[in-house]
1. What are the residues in the range 32-68 that are touching a helix residue (DSSP H, G or I) at 6+ places or on another chain (Cβ under 7 Å), crowded, with 16+ Cβ neighbours inside 10 Å and not hydroxyl-bearing (Ser, Thr, Tyr), if any?
2. Of the conditions (1) farther than 23 Å from residue 125 by Cβ; (2) away from ligand 2 (no atom under 16 Å from the Cβ), residue 269 fails just one. Which one is it?
3. How about the range 259-359: which strands (runs of 3 or more DSSP E) wholly inside it have at least 1 residues that are crowded, with 22+ Cβ neighbours inside 10 Å and within 16 Å of ligand 1 (Cβ to nearest atom)?
4. From the list 390, 445, which residue is buried (at least 19 other Cβ atoms within 10 Å of the Cβ), within 27 Å of residue 115 (Cβ to Cβ) and away from ligand 1 (no atom under 16 Å from the Cβ)?
5. Looking at (1) in contact (Cβ under 8 Å) with a residue 24 or more places away in the chain; (2) away from ligand 2 (no atom under 16 Å from the Cβ), which is the one condition that is false for residue 139?
6. Step by step: first the residues of the range 360-387, then only those that are in a helix (DSSP H, G or I) and more than 15 Å from ligand 1 (Cβ to nearest atom), then the one that is surrounded by the fewest Cβ atoms within 10 Å (Cβ to Cβ). Which residue is that?
7. Could you please let me know if residue 205 is surrounded by fewer than 19 Cβ atoms within 10 Å (Cβ to Cβ) and at pLDDT below 95?
8. Just name the residue that is farthest from ligand 1 (Cβ to nearest atom) out of those in the range 400-442 that are charged (D, E, K, R) and in contact (Cβ under 8 Å) with a residue 60 or more places away in the chain.
Amino acid sequence: MAPVLIPTVEPTAAAPTAGLDHWRSLAISQQPSWQDSSVYADSIRELSSLPPLVFAGEVDVLRERLASAAQGKAFLLQGGDCAETFEGATADRISARVKTILQMAVVLTYGASLPVIKMGRMAGQFAKPRSSNDETRGGVTLPAYRGDMVNGYPFTPETRGHDASRMVKAYHTSASTLNLIRAFTQGGFADLRLVHHWNKGFTANPAHSRYESTAREIDRAVRFMEACGADFEALKRVEFFASHEALLLDYERALTRIDSRTSLPYDTSAHFLWIGERTRDIDSAHIDFLSRVRNPIGVKLGPSTSGADALALIDKLDPNREPGRLTFITRMGAGNIREKLPPLIEKVTASGAQVLWVTDPMHGNTVTSPNGYKTRNFDDVMDEVRGFFEVHQSLGTFPGGIHVEMTGDDVAECLGGADPVDQESFLERYESVCDPRLNHMQSLEMAFLVAGELSKR
Ligand code: PEP
Ligand code: MN
């Protein structure tokens, strides 16, 4: 009998997990102060042994899709709540949001004559950065709400404490949300003809009559496809990707797994992860950790971003200049974008790097309404979107997508729109626990307006 050769495994610095914990030695902001260290240890142990929420193969597909958007051959639609809540993870609300994203996507696909990549700020958007650690109400000061993954929204000492077991609940809520999204988008719910039929309800509202002609054109296109014998069966299933801000690195690290095919680390909490405006410092723990996982990564860029900052982020997050790896999500504000965005794009283009440029027209346009609510004007949001298109048009680069805070429900949180929301309706229908979202109608209206911009190209 031939001797059995036992391969020796040498510990090496190139081990797949090497460096995944380096962030722990770096400056880190916006992290919770967990109250109970044994609950924390148990929660991390549990998260580390739970199954992945997404698979490496799906993440690789998304990277390819984003690469094609970076080349001007697809458009990204990324949308969802500012902060998901455990309580809000009901079948009705999840399906309304997915439905609205699918409705927007049909309109955008028509406007762009390009595939639209559909991505939810969903199934994991449970942790929020805050400008202040505390909140004071009526002389009482408590820790600020940091998302359901950290603490609860009700203003009591018990709920505002930072409870690490909430990370496990966030995992399970993400799993059930994702399960429903997969069922909807793979099980016939996404049928193009059905989605188009829902859009007819939107244009039936007299306030939206100006969008009727586009809806009619889409109708004709669908009937043309039908007449040509298009395979509508295949159009019943759509790809839908999950994303969230990678804020709580304990959670992201615990869900990072080594893919058996490639031996590379993937953060399996979502397909796409982004780094927020407040945590994108080049030497930060967040940048370091995300530089080491294979997922496509986004970075929010606010008006203070310099060209040098953008280039440093590219060097750190996309050293191999891999198509689809890096998305810059600019959130400049309507009054800034026409001035602040061009120098960034020019610097990046001159460096030879190819990133996907996406606009977040929400976060640079937050104001307080006269009656005291955090809100955004629909017109400001659209002005930033138009500025984004203008700037890319003038520089010959591709405006590759939109990132919006939206919901499928009839809330009143942002002002304006063709069927206008006014501040009085906030008293009854303001539901967000964080930033104001476009409601169902405002989201569809935005899609029609963006489709108009896309069709000019
Ligand atoms: C957000 O996306 O909810 C957010 C906090 O954005 P930004 O990091 O751009 O401020
Ligand atoms: Mn927000």
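1. 34, 39, 44, 47, 53, listed by residue number.
2. Every condition holds for residue 269 apart from (1).
3. Counting at least 1 such residues, we get 272-275, 297-301, 326-330, 356-359.
4. Result of the check over 390, 445: 445.
5. Just one mismatch for residue 139, condition (1).
6. 379
7. Yes; evaluated as a whole, the condition is true for this residue.
8. Within the range 400-442, the subset charged (D, E, K, R) is 405, 409-410, 413, 419, 422, 424, 428-429, 431, 435, 437.
Within this subset, residues satisfying the condition of being in contact (Cβ under 8 Å) with a residue 60 or more places away in the chain are 405, 409, 419, 435, 437.
Working: 405: 7, 409: 18, 419: 25, 435: 6, 437: 10 Å.
Going through the qualifying residues, I end up with 419.
The values are calculated or read from the model by the stated rules, or taken from the named source; none is laboratory data. None of the values given here were measured: they were computed from a predicted structure. No Cβ is skipped: glycine too gets one built from the backbone with ideal geometry, and neighbour counts run over all protein chains shown.
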